[in-house]
Amino acid sequence: MMEDGAYRGARRALEADGGALTLARTREVVERVVAARRERDPRLFAVDGRELFGARDAHLLADGLHPTQEGNDLIARRFPGLLPPEALPG
């Protein structure tokens, strides 16, 4: 949606549907799938995006949704520190 001459993420009220695929629900599903599959693939992992770029970094969102270049650089610096040792080659 366009707001003040810039595109912004649309704000919507969620339906009272317990089965709605929200971001929080998606995170739960991904965590469950990764945990179940790690038994067969110990190098499988998932990084919680909130550790890469969270609410404290919102000032680095160019349009309220997408990170600026500074935000992307921050994500790139944080990523290696979030990798578990078993996920690394070697």
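Express the C-alpha Rg of the stretch 39-87 as a ratio against the empirical globular expectation 2.2 N^0.38 Å, rounded to two decimals.
1.36
Using label points projected 7 Å from each Cα along Cα→Cβ, tell me how many nm separate residue 75 and residue 32, to one decimal.
2.6 nm
Report the label-to-label distance for residue 3 and residue 65 in nanometres (one decimal), using points 7 Å from each Cα along the Cα→Cβ vector.
Spacing of the two 7 Å Cα→Cβ label points: 1.1 nm.
Counting only Cα, what are the radius of gyration and maximum Cα-Cα distance Dmax of the stretch 19-66, in Å?
When restricted to Cα atoms, the stretch 19-66 yields Rg and Dmax of 14.0, 41 Å.
Within the set of other residues whose C-beta is less than 12 Å from the C-beta of residue 53, count the net charge using Lys and Arg as +1 and Asp and Glu as -1.
Once all neighbours under 12 Å are counted, the net charge is -1.
Bear in mind these aren't lab numbers, they're just calculated from the coordinates by the rules spelled out. All of these numbers come straight from a predicted model, not from anything done at the bench. Using ideal geometry, Cβ is built from the backbone for each residue, glycine included, and neighbour counts are taken over all protein chains shown.
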